[in-house]
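Report on one structure; see the data block that follows.
The values are calculated or read from the model by the stated rules, or taken from the named source; none is laboratory data. Everything numeric here is computed off the predicted structure, so don't read it as measured data. Cβ sites come from the backbone with ideal geometry, for glycine too, and all protein chains shown count toward neighbours. The area values use the complete protein model at the heavy-atom level, side chains included, leaving out ligands, DNA and RNA. Shrake-Rupley method; radii C 1.70, N 1.55, O 1.52, S 1.80 Å.
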Amino acid sequence: MTSIAKPPVRHPSSRTNGLGFVLRDYEGAMSTLCAGCGHDSVTAALVQTAWELDLEPHRVAKMSGIGCSSKTTAYFMKQSHGFNSVHGRMPSVTSGAAAANRDLTYIGISGDGDSLSIGLGQMSHAIRRGVNMLYVLENNGVYGLTKGQFSAAADIGSTSKKGEANQQPPIDPVLLALTLGVSFVARSFSGDKKQLVPILKAGISHKGFALVDVISPCVSFNDHEGSTKSYKFTREHEVESVHTDFVALRREITIPETQEDVSVVQMHDGTSVRLRATAPDYDPTDRESAYAHVRACQARGEIATGLLFIDESKRDMHDFMNTIPTPLVDVPFEKLSPGKAALEKLMDRYR
Ligand SMILES: Cc1ncc(C[n+]2csc(CCOP(=O)(O)OP(=O)(O)O)c2C)c(N)n1
Ligand code: SF4
């Protein structure tokens, strides 16, 4: 993402999306992160995702906690709602917001420190509840904002900038989410926009909790030889589970019969996509094999990326709680709060 303020003029030949907006309309404030920080690449992917999905900015709520990662929400979709909460508390604030207004698109951005240390309980319960949100975990293996302490995602033996080796086992957010019953989980790399954008699109379009763990190197404190979250290490150890692409729900597009490894599919907007099934035996709808795949990659010192698991049975927090279809913010106050007399009557039942 840019660290230089750009003039707010629109080039006459800029492409517009279905709402008539250009890509720049989905940008946010100027980034204050270090030049080269992976989090800024995630921002660029989010800008692209929101533009391509024709998201209406005023129907989006960007939620975050504290950390360099949590600043991301300021750098995209400047016309959207946003809430920058206390360190680790983004999931519960989002749960509350989603309970009150089920009609907004919730995009939560967090760090590995924010999510896996102070916010571990919060993230776990948002997964259990199936809060309908995209949860992006910008994972750099350190606390960037507080200058490079090991986070709970740091691998055993990976070193700090000064050379000290981490002794404690890491928490893998993908394995944790699978165990907690997550209905969508994927992993990607900030340096791989081609893979990340379709995954973010799929995560936003998924009904229920969608976790996207993004390896997002911290160039100031964790991009050195001994790091397992550096650009170099991630590029060398990435293993894509299946080639991922995202097609929005419209008229059915079928894959043409072909003898080739690559299928060319025509899209609604006139463009075409090339699909290559890299791992034909990988089934992203089987929780057990997703778990086994991530563990096997880990054992080989590899990083499993791509869409790792999806369950489209379409149950989210509102289904579990059996709430009404109308967002609570649109329900008249008298209905939401029937008054003192009704409360007294209810309390009488417990006396
Ligand atoms: C309650 C509380 N405890 C500790 C802190 C200090 N603190 C600020 S950000 C942070 C960790 C940030 O790490 P991470 O979430 O991984 O984000 P990054 O900066 O690496 O992107 C900590 C410990 C705080 N702000 N509030
Ligand atoms: S300290 Fe690290 S995480 Fe924070 S902005 Fe700089 S590179 Fe990014």
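Carbon and sulfur together cover what percent of the accessible area of the chain at a 1.4 Å probe radius? After summing per-atom areas, the C and S share lands at 54 percent. Relative protection proxy for 161-170, 200-209, 282-291, from highest mean packing down: 200-209, 282-291, 161-170 (other beta-carbon atoms within 10 angstrom). Taking the stretch 309-330 and a reference point 7 angstrom along Cα→Cβ of R349, the backbone N atoms nearer than 18 Å belong to 322-324. Oblate is the label for the stretch 40-103, because a/c, from the alpha-carbon gyration tensor with a ≥ b ≥ c as root eigenvalues, is 1.5 or above and a/b does not exceed b/c. Averaged over its residues, the chain has an accessible area of 51 Å² per residue, based on protein heavy atoms and a 1.4 Å probe.
Distances between placed amide hydrogens fall under 5 Å for I303 paired with E238, V239, all partners being 5 or more residues away or on another chain. With θ taken as phi - 60° and the Karplus curve 6.51 cos²θ - 1.76 cosθ + 1.60 applied, the whole-hertz 3J(HN,Hα) list for the stretch 98-110 is 5, 5, 7, 9, 6, 8, 8, 8, 9, 10, x, 10, 9 Hz, x standing for glycine and proline. Quick check: from the Cα gyration tensor, does the chain come out rounded (a/c under 1.5), prolate or oblate? In terms of gyration-tensor shape, rounded. Candidates L145, V239, I199 compared by Cα position along the dipole of the chain: farthest toward the positive end lies L145, with charges placed on Cβ. Placing +1 on the Cβ of every Lys and Arg and -1 on the Cβ of every Asp and Glu, with no other charges, gives the stretch 151-257 a dipole of roughly 400 debye about its Cα centre. Considering only N84, M133, A50, and ranking their Cα positions along the charge dipole of the stretch 1-134 that arises from unit charges at the beta-carbon of Lys, Arg, Asp and Glu, the one farthest toward the positive end is N84. For the chain, the Cβ-based charge dipole about the Cα centre amounts to some 1160 debye (Lys, Arg positive; Asp, Glu negative; other atoms uncharged). The packing ranking of peptides 172-183, 335-346, 69-80, highest mean first, is 69-80, 172-183, 335-346, where packing means the average number of other beta carbon atoms within 10 angstrom of each residue. Distance check, please: which entries in K201/K335; K62/K335; K229/K314; K147/K193; K78/K161 exceed 31 angstrom between their Cα atoms? Correct reply: K201/K335; K229/K314; K78/K161. Around the Cα centre of the stretch 96-206, unit charges on the Cβ atoms of Lys, Arg, Asp and Glu (plus for the first two, minus for the last two) sum to a dipole of about 200 debye.
Available extension along the chain between V239 and N84 is 52.4 nm, counting 0.36 nm per residue and deducting the alpha carbon span. Bridgeable aspartates and glutamates around K162 (alpha carbons under 19 Å apart, same-chain partners fewer than 8 residues away excluded): D223, E225. Under the classification rounded if a/c is under 1.5, otherwise prolate if a/b is larger than b/c and oblate if not, where does the stretch 1-111 fall, given a ≥ b ≥ c as square roots of the Cα gyration tensor eigenvalues? Since a/c reaches 1.5 but b/c is at least a/b, the shape of the stretch 1-111 is classed as oblate.
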